[in-house]
Amino acid sequence: MRLRRTLKNIAKSGQLAKVLVSGKWHITDAMIKTAQPVVARKIDGLEVFIYKDAQQVTERAANEMIAALKAAPEPKLGLATGGTFEPIYAAVAELAGKRDCSFSRATTFNLDEYVGLPPEDPQSYHHYMHHHFFSKVDMPTDREFLPDGMQVDPKRAAAEYDDLIGKNGGIDVQFLGLGVNGHIGFNEPKTPFDSRTHVVELTESTLQANSRYFQDRKMPTEAITMGIGTILESRRVVLVATGAAKAPIIRKIFEVEMTEEIPATALKGHPNAVILLDAASASEAFER
Ligand code: GLP
């Protein structure tokens, strides 16, 4: 793949954001070979880092989590699920072991959970977190929080979850994946930016994207998700997206102003938001 040598000049001239919005970026061969991000720029108030591949994004995201762990005596981490985060949790567990980092004083709050799936269900996010992360680090089990999708009154469960985050002093660093429709957590398009943790009806796009995990049965159509307002109160937000399937939505996020049609654009209003991408997810904003 031949990559053109223009990004360096664009970056030097400080015109990167404009160039992206108006169409295309260029990456140089030299930049893409290094383990450094090929792009590191502030765009629409967002710190955007683009890496050569998903492996490098995974390493960066894992380092962010370890840094968050070390930055506070009693760190409060906001965690995400989805395929993007599976290798990240594996990398965090490995790094924590190597660097002798302990999760014993951490508290974690997950973004979301399906309504009606018990924690032992292999497709529940409780199960995902236990399998991919909690069982691999020294997290105290009574400090691992996820919304309770099994409560008789899911609305009440959502409100209680929001209160719990507040009572714990809020979240230091919230990690986010990205839905192909721009959702963060399970906040689907048109969710108000000031929403608190709530019950959500999943959209057709999300049902389709996530039905791959529910091959032999019908997937739940409702979930409890941290609200966008709740997410925005986190002191730092790190959104991670990898793979070509996310390329169209990544392009849109940078093309438009903040809009409730694309939940992830809410991060443009956050004072400390970081976006980590690989070349594939950034490919529609780039020209190769
Ligand atoms: C689910 C989760 C989201 C996550 C998204 C992306 O919908 N509720 O929080 O961001 O999946 O998943 P993946 O990383 O598999 O693309």
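Here, each number is a calculation from the coordinates, and none is a lab measurement. Keep in mind it's a predicted model, so treat the numbers as computed, not measured. Using ideal geometry, Cβ is built from the backbone for each residue, glycine included, and neighbour counts are taken over all protein chains shown.
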Which residue is surrounded by the fewest Cβ atoms within 10 Å (Cβ to Cβ), if the candidates are limited to the range 199-219 and must be polar (S, T, N, Q) and closer than 20 Å to P118 by Cβ? Q215
Members of the range 220-234 found to be in contact with a strand residue (DSSP E or B) (Cβ under 7 Å, 6 or more places away or on another chain) and surrounded by fewer than 20 Cβ atoms within 10 Å (Cβ to Cβ), listed by number: P220, T221, E222
Inside the range 255-282, can you point out the residues that are more than 16 Å from the chain's Cα centre (by Cα) and either crowded, with 24+ Cβ neighbours inside 10 Å or within 15 Å of V240 (Cα to Cα) (or both)? A279, A280
In the range 212-252, what count of residues is obtained for those that are more than 13 Å from the ligand (Cβ to nearest atom), polar (S, T, N, Q), assigned to a loop (DSSP other than H, G, I, E, B) and under 30 Å from I66 (Cα atoms)? 1
If a residue must be buried (at least 20 other Cβ atoms within 10 Å of the Cβ) and more than 16 Å from the ligand (Cβ to nearest atom), how many such residues does the range 166-186 contain? 0
Filter pass, F145 being without any contact (Cβ under 8 Å) to a residue 60 or more places away in the chain, away from the ligand (no atom under 16 Å from the Cβ) and within 20 Å of the chain's Cα centre (by Cα): no
Is there any pair linking a residue in the range 178-200 that is over 16 Å from I275 (Cα atoms) and in contact (Cβ under 8 Å) with a residue 12 or more places away in the chain to one that is near the ligand (Cβ under 9 Å from one of its atoms) and not polar (S, T, N, Q), with Cβ under 6 Å and at least six apart or on different chains, and which? F186/D112; F186/A223; V200/F186; V200/A223
